[in-house]
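The values are calculated or read from the model by the stated rules, or taken from the named source; none is laboratory data. These figures come from a predicted structure and were not determined experimentally. Virtual Cβ from ideal backbone geometry, glycine too; neighbours counted across all protein chains shown.
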Amino acid sequence: MDPWKLPISSAIQRKRLLSQSYTSHASASPSDLACGAQNAWDILLEEESMTRITTSCAELDKILGGGISCKEVTEIGGVPGIGKTQLGIQLAVNVQIPSYYGGLGGKAIYIDTEGSFMVERVLQIAEACTEDMTEYGRFLGKSIQARQVEMGPKDFLENIYYFRVCSYTEQIGLENYLDKFISEHRDVKIVVIDSVAFQFRQDFDDLAQRTRVLSAMALKLMKLAKKFSLAVVLLNQVTTKVIESSFQLALALGDSWSHSCTNRLILYWNGEERYAYIDKSPSLRSASAPYSVTSRGIRNSSSNS
(Lines give C-alpha, C1' and ligand atoms only; values in the text may rest on other atoms or scores of the structure.)
Protein backbone atom coordinates (compact mmCIF):
# COMPACT_ATOMS: atom_id res chain seq x y z
CA MET A 1 0.00 0.00 0.00
CA ASP A 2 1.32 3.45 -0.92
CA PRO A 3 1.90 5.73 2.10
CA TRP A 4 0.28 8.78 0.48
CA LYS A 5 -3.01 6.94 -0.07
CA LEU A 6 -3.61 6.21 3.61
CA PRO A 7 -4.67 8.52 6.45
CA ILE A 8 -1.55 8.86 8.56
CA SER A 9 -2.31 9.54 12.18
CA SER A 10 0.98 9.06 13.97
CA ALA A 11 4.74 9.31 13.56
CA ILE A 12 5.02 5.54 14.08
CA GLN A 13 2.71 4.83 11.15
CA ARG A 14 4.62 7.24 8.97
CA LYS A 15 7.92 5.55 9.77
CA ARG A 16 6.53 2.10 9.04
CA LEU A 17 4.99 3.13 5.72
CA LEU A 18 8.09 4.98 4.59
CA SER A 19 10.27 2.03 5.52
CA GLN A 20 8.07 -0.34 3.52
CA SER A 21 8.04 2.02 0.56
CA TYR A 22 11.81 2.27 0.25
CA THR A 23 13.24 -1.02 1.50
CA SER A 24 11.14 -3.66 -0.26
CA HIS A 25 12.98 -3.58 -3.59
CA ALA A 26 14.11 -6.87 -5.16
CA SER A 27 17.70 -6.94 -6.41
CA ALA A 28 18.32 -7.20 -10.17
CA SER A 29 19.42 -10.55 -11.57
CA PRO A 30 22.80 -10.90 -13.35
CA SER A 31 21.03 -11.36 -16.71
CA ASP A 32 19.13 -8.09 -16.21
CA LEU A 33 22.38 -6.26 -15.52
CA ALA A 34 24.10 -7.77 -18.57
CA CYS A 35 21.27 -6.66 -20.86
CA GLY A 36 21.76 -3.10 -19.68
CA ALA A 37 25.49 -2.96 -20.49
CA GLN A 38 26.92 -0.16 -22.67
CA ASN A 39 30.36 0.30 -24.12
CA ALA A 40 32.37 3.36 -23.18
CA TRP A 41 32.32 4.78 -26.73
CA ASP A 42 28.52 4.83 -26.81
CA ILE A 43 28.49 6.55 -23.42
CA LEU A 44 30.89 9.24 -24.69
CA LEU A 45 28.77 9.87 -27.79
CA GLU A 46 25.66 10.04 -25.62
CA GLU A 47 27.24 12.64 -23.33
CA GLU A 48 28.46 14.74 -26.25
CA SER A 49 24.96 14.80 -27.76
CA MET A 50 23.25 15.57 -24.44
CA THR A 51 20.58 18.26 -24.79
CA ARG A 52 20.63 21.28 -22.50
CA ILE A 53 18.20 23.97 -21.37
CA THR A 54 19.37 27.56 -21.60
CA THR A 55 19.27 29.73 -18.47
CA SER A 56 18.91 32.93 -20.60
CA CYS A 57 22.28 34.10 -19.21
CA ALA A 58 25.15 33.63 -21.68
CA GLU A 59 27.89 33.57 -19.01
CA LEU A 60 26.01 31.05 -16.90
CA ASP A 61 25.29 28.86 -19.94
CA LYS A 62 28.99 28.98 -20.81
CA ILE A 63 30.22 27.48 -17.52
CA LEU A 64 27.39 24.92 -17.68
CA GLY A 65 28.49 23.74 -21.12
CA GLY A 66 25.43 25.23 -22.80
CA GLY A 67 22.82 25.11 -20.04
CA ILE A 68 21.22 22.69 -17.58
CA SER A 69 21.83 19.10 -18.69
CA CYS A 70 19.09 16.64 -19.48
CA LYS A 71 19.50 13.07 -18.15
CA GLU A 72 21.05 14.54 -14.99
CA VAL A 73 20.00 15.83 -11.57
CA THR A 74 21.19 19.37 -10.85
CA GLU A 75 20.96 20.92 -7.40
CA ILE A 76 20.80 24.72 -7.19
CA GLY A 77 21.24 26.21 -3.72
CA GLY A 78 21.72 29.60 -2.15
CA VAL A 79 20.59 32.16 0.41
CA PRO A 80 17.07 33.64 0.38
CA GLY A 81 16.57 36.29 -2.29
CA ILE A 82 19.44 35.13 -4.50
CA GLY A 83 17.12 34.04 -7.32
CA LYS A 84 16.64 30.26 -6.93
CA THR A 85 12.90 30.32 -7.63
CA GLN A 86 13.44 32.84 -10.43
CA LEU A 87 15.91 30.45 -12.08
CA GLY A 88 13.54 27.51 -11.59
CA ILE A 89 10.70 29.40 -13.28
CA GLN A 90 13.03 30.57 -16.07
CA LEU A 91 14.02 26.96 -16.83
CA ALA A 92 10.36 25.85 -16.78
CA VAL A 93 9.68 28.48 -19.46
CA ASN A 94 12.87 28.02 -21.50
CA VAL A 95 12.43 24.25 -21.85
CA GLN A 96 9.44 25.06 -24.05
CA ILE A 97 11.38 27.10 -26.62
CA PRO A 98 10.67 25.34 -29.96
CA SER A 99 13.39 23.35 -31.69
CA TYR A 100 13.53 25.79 -34.62
CA TYR A 101 14.76 28.40 -32.12
CA GLY A 102 17.34 25.99 -30.71
CA GLY A 103 15.19 24.82 -27.77
CA LEU A 104 13.72 21.47 -26.75
CA GLY A 105 10.04 22.19 -27.37
CA GLY A 106 9.16 20.34 -24.16
CA LYS A 107 6.93 20.84 -21.14
CA ALA A 108 7.70 21.28 -17.45
CA ILE A 109 6.66 19.88 -14.09
CA TYR A 110 6.97 22.35 -11.19
CA ILE A 111 6.67 20.90 -7.68
CA ASP A 112 6.16 23.66 -5.11
CA THR A 113 6.83 22.68 -1.49
CA GLU A 114 7.01 26.21 -0.04
CA GLY A 115 4.19 28.09 -1.75
CA SER A 116 6.69 30.38 -3.50
CA PHE A 117 5.46 29.78 -7.07
CA MET A 118 4.20 33.07 -8.55
CA VAL A 119 2.05 32.65 -11.65
CA GLU A 120 2.22 36.39 -12.37
CA ARG A 121 6.00 36.10 -12.48
CA VAL A 122 5.74 33.12 -14.82
CA LEU A 123 3.61 35.25 -17.14
CA GLN A 124 6.22 38.05 -17.12
CA ILE A 125 9.03 35.64 -18.01
CA ALA A 126 6.88 33.94 -20.67
CA GLU A 127 6.06 37.31 -22.27
CA ALA A 128 9.77 38.20 -22.31
CA CYS A 129 10.61 34.82 -23.86
CA THR A 130 8.00 35.38 -26.58
CA GLU A 131 9.49 38.80 -27.32
CA ASP A 132 13.00 37.32 -27.46
CA MET A 133 11.85 34.69 -29.96
CA THR A 134 10.23 37.38 -32.09
CA GLU A 135 13.46 39.35 -32.11
CA TYR A 136 15.45 36.22 -32.90
CA GLY A 137 13.05 35.45 -35.74
CA ARG A 138 13.62 38.90 -37.25
CA PHE A 139 17.36 38.26 -37.06
CA LEU A 140 17.12 34.90 -38.83
CA GLY A 141 14.58 35.88 -41.43
CA LYS A 142 10.88 36.09 -42.20
CA SER A 143 10.26 32.34 -42.48
CA ILE A 144 11.11 31.61 -38.86
CA GLN A 145 9.48 34.85 -37.71
CA ALA A 146 6.16 33.72 -39.19
CA ARG A 147 6.28 30.48 -37.20
CA GLN A 148 6.62 32.39 -33.92
CA VAL A 149 2.88 33.17 -33.82
CA GLU A 150 2.28 29.49 -33.05
CA MET A 151 3.32 30.06 -29.42
CA GLY A 152 2.40 32.87 -27.05
CA PRO A 153 2.58 33.54 -23.27
CA LYS A 154 -0.64 31.58 -22.65
CA ASP A 155 0.90 28.49 -24.27
CA PHE A 156 3.92 28.70 -21.97
CA LEU A 157 1.69 28.72 -18.89
CA GLU A 158 -0.45 25.84 -20.18
CA ASN A 159 2.67 23.71 -20.63
CA ILE A 160 3.74 23.90 -16.97
CA TYR A 161 2.20 21.19 -14.78
CA TYR A 162 2.10 22.63 -11.27
CA PHE A 163 1.89 20.52 -8.10
CA ARG A 164 1.63 21.92 -4.57
CA VAL A 165 2.73 19.60 -1.75
CA CYS A 166 2.34 20.40 1.95
CA SER A 167 4.11 17.50 3.70
CA TYR A 168 7.02 15.16 3.12
CA THR A 169 4.64 12.22 2.68
CA GLU A 170 2.86 14.11 -0.12
CA GLN A 171 6.24 14.91 -1.66
CA ILE A 172 7.36 11.28 -1.56
CA GLY A 173 4.02 10.12 -2.95
CA LEU A 174 4.13 12.61 -5.82
CA GLU A 175 7.70 11.71 -6.74
CA ASN A 176 6.72 8.03 -6.83
CA TYR A 177 3.84 8.98 -9.16
CA LEU A 178 6.05 10.94 -11.56
CA ASP A 179 7.11 7.85 -13.52
CA LYS A 180 3.50 7.12 -14.46
CA PHE A 181 2.67 10.77 -15.10
CA ILE A 182 5.64 11.35 -17.41
CA SER A 183 4.94 8.06 -19.21
CA GLU A 184 1.60 9.62 -20.14
CA HIS A 185 3.14 13.04 -20.91
CA ARG A 186 6.33 12.14 -22.76
CA ASP A 187 6.95 15.74 -23.84
CA VAL A 188 7.93 16.70 -20.26
CA LYS A 189 11.63 17.64 -20.36
CA ILE A 190 12.23 19.16 -16.93
CA VAL A 191 11.13 18.55 -13.34
CA VAL A 192 11.74 21.41 -10.89
CA ILE A 193 11.35 20.85 -7.13
CA ASP A 194 11.23 24.11 -5.14
CA SER A 195 12.55 23.34 -2.65
CA VAL A 196 13.66 19.78 -2.09
CA ALA A 197 14.58 20.38 1.57
CA PHE A 198 11.65 22.36 2.97
CA GLN A 199 9.29 19.55 4.01
CA PHE A 200 12.13 17.35 5.28
CA ARG A 201 13.27 20.01 7.73
CA GLN A 202 9.93 20.18 9.52
CA ASP A 203 8.88 16.99 11.32
CA PHE A 204 11.75 14.52 11.01
CA ASP A 205 13.12 13.57 14.43
CA ASP A 206 14.90 10.44 13.18
CA LEU A 207 17.75 11.87 11.09
CA ALA A 208 19.06 8.42 10.13
CA GLN A 209 15.69 7.53 8.64
CA ARG A 210 15.53 10.90 6.90
CA THR A 211 18.91 10.17 5.27
CA ARG A 212 17.66 6.79 4.02
CA VAL A 213 14.44 8.27 2.65
CA LEU A 214 16.29 11.12 0.92
CA SER A 215 18.83 8.74 -0.61
CA ALA A 216 16.06 6.57 -2.03
CA MET A 217 14.27 9.65 -3.32
CA ALA A 218 17.42 10.93 -5.03
CA LEU A 219 17.95 7.54 -6.68
CA LYS A 220 14.40 7.60 -8.05
CA LEU A 221 14.93 11.07 -9.49
CA MET A 222 18.20 10.03 -11.15
CA LYS A 223 16.49 7.04 -12.75
CA LEU A 224 13.68 9.32 -13.89
CA ALA A 225 16.14 11.72 -15.56
CA LYS A 226 17.88 8.87 -17.40
CA LYS A 227 14.74 6.98 -18.39
CA PHE A 228 12.92 9.96 -19.92
CA SER A 229 15.97 12.03 -21.01
CA LEU A 230 14.86 15.01 -18.95
CA ALA A 231 16.47 17.44 -16.52
CA VAL A 232 15.72 17.26 -12.81
CA VAL A 233 16.44 20.53 -10.99
CA LEU A 234 16.35 20.57 -7.19
CA LEU A 235 16.31 23.98 -5.51
CA ASN A 236 17.75 23.89 -2.01
CA GLN A 237 17.94 26.17 1.01
CA VAL A 238 20.93 27.04 3.17
CA THR A 239 21.50 26.37 6.85
CA THR A 240 24.20 27.14 9.40
CA LYS A 241 26.88 24.54 10.07
CA VAL A 242 29.44 24.49 12.87
CA ILE A 243 32.98 24.00 11.51
CA GLU A 244 35.93 24.31 13.91
CA SER A 245 33.92 26.33 16.45
CA SER A 246 32.66 28.78 13.82
CA PHE A 247 29.33 29.05 12.04
CA GLN A 248 29.30 28.75 8.27
CA LEU A 249 26.52 28.62 5.68
CA ALA A 250 25.96 25.28 3.96
CA LEU A 251 23.22 23.77 1.84
CA ALA A 252 20.49 21.99 3.77
CA LEU A 253 20.09 18.22 4.31
CA GLY A 254 23.68 17.51 5.34
CA ASP A 255 26.85 16.05 3.87
CA SER A 256 25.33 12.74 2.78
CA TRP A 257 22.80 14.56 0.58
CA SER A 258 25.61 16.42 -1.22
CA HIS A 259 26.48 13.17 -3.04
CA SER A 260 22.92 12.59 -4.25
CA CYS A 261 22.99 14.88 -7.29
CA THR A 262 25.02 14.86 -10.49
CA ASN A 263 25.74 18.60 -10.48
CA ARG A 264 25.65 21.21 -7.74
CA LEU A 265 25.36 24.93 -8.49
CA ILE A 266 25.67 27.42 -5.63
CA LEU A 267 24.26 30.94 -6.00
CA TYR A 268 25.86 33.68 -3.91
CA TRP A 269 26.39 37.42 -3.57
CA ASN A 270 29.70 39.08 -4.42
CA GLY A 271 29.18 42.65 -3.32
CA GLU A 272 25.99 43.77 -5.03
CA GLU A 273 26.27 41.26 -7.85
CA ARG A 274 24.87 37.73 -8.06
CA TYR A 275 27.18 34.86 -8.99
CA ALA A 276 26.72 31.15 -9.71
CA TYR A 277 29.49 28.69 -8.82
CA ILE A 278 29.81 25.09 -10.02
CA ASP A 279 30.63 23.32 -6.77
CA LYS A 280 30.36 19.76 -8.06
CA SER A 281 30.15 18.09 -11.46
CA PRO A 282 31.70 15.00 -13.07
CA SER A 283 32.05 16.75 -16.44
CA LEU A 284 32.28 20.49 -15.75
CA ARG A 285 35.20 22.28 -14.16
CA SER A 286 34.64 24.51 -11.14
CA ALA A 287 33.90 28.03 -12.34
CA SER A 288 31.87 31.12 -11.47
CA ALA A 289 29.69 33.35 -13.61
CA PRO A 290 27.75 36.54 -12.85
CA TYR A 291 24.03 36.80 -13.62
CA SER A 292 21.17 39.21 -13.02
CA VAL A 293 17.54 38.84 -12.01
CA THR A 294 15.54 41.38 -14.01
CA SER A 295 11.89 42.07 -14.72
CA ARG A 296 12.33 39.84 -17.79
CA GLY A 297 13.82 36.96 -15.80
CA ILE A 298 17.38 35.63 -15.57
CA ARG A 299 19.69 37.63 -17.79
CA ASN A 300 23.36 38.54 -18.31
CA SER A 301 25.03 40.47 -15.54
CA SER A 302 24.53 44.24 -15.84
CA SER A 303 28.31 44.70 -15.61
CA ASN A 304 28.77 42.48 -18.69
CA SER A 305 25.92 43.94 -20.73
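Tabulated data
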item	result
Of all residues making up segment 254-285, the number that are surrounded by fewer than 18 Cβ atoms within 10 Å (Cβ to Cβ) and not in a loop (DSSP other than H, G, I, E, B)	10
Any chance residue 246 is closer than 26 Å to residue 70 by Cβ and of a type in the set (S, T, N, Q)	no
Candidate set from segment 37-55 (those that are touching a helix residue (DSSP H, G or I) at 6+ places or on another chain (Cβ under 6 Å) and part of a loop (DSSP other than H, G, I, E, B)); member that is surrounded by the most Cβ atoms within 10 Å (Cβ to Cβ)	55
Test: residue in segment 280-288 that is closer than 24 Å to residue 108 by Cα, within 19 Å of the chain's Cα centre (by Cα) and in contact (Cβ under 8 Å) with a residue 24 or more places away in the chain	no
Among (1) surrounded by fewer than 18 Cβ atoms within 10 Å (Cβ to Cβ); (2) assigned to a helix (DSSP H, G or I), the one test that residue 60 misses	(1)
Residue count, segment 286-305 (criterion: part of a loop (DSSP other than H, G, I, E, B), modelled with pLDDT under 95 and not hydroxyl-bearing (Ser, Thr, Tyr))	0
Elements of type strands (runs of 3 or more DSSP E) contained in segment 147-253, each with 3 or more residues being farther than 23 Å from residue 53 by Cα, in contact with a Cys (Cβ under 9 Å, 6 or more places away or on another chain) and in contact (Cβ under 8 Å) with a residue 60 or more places away in the chain	none
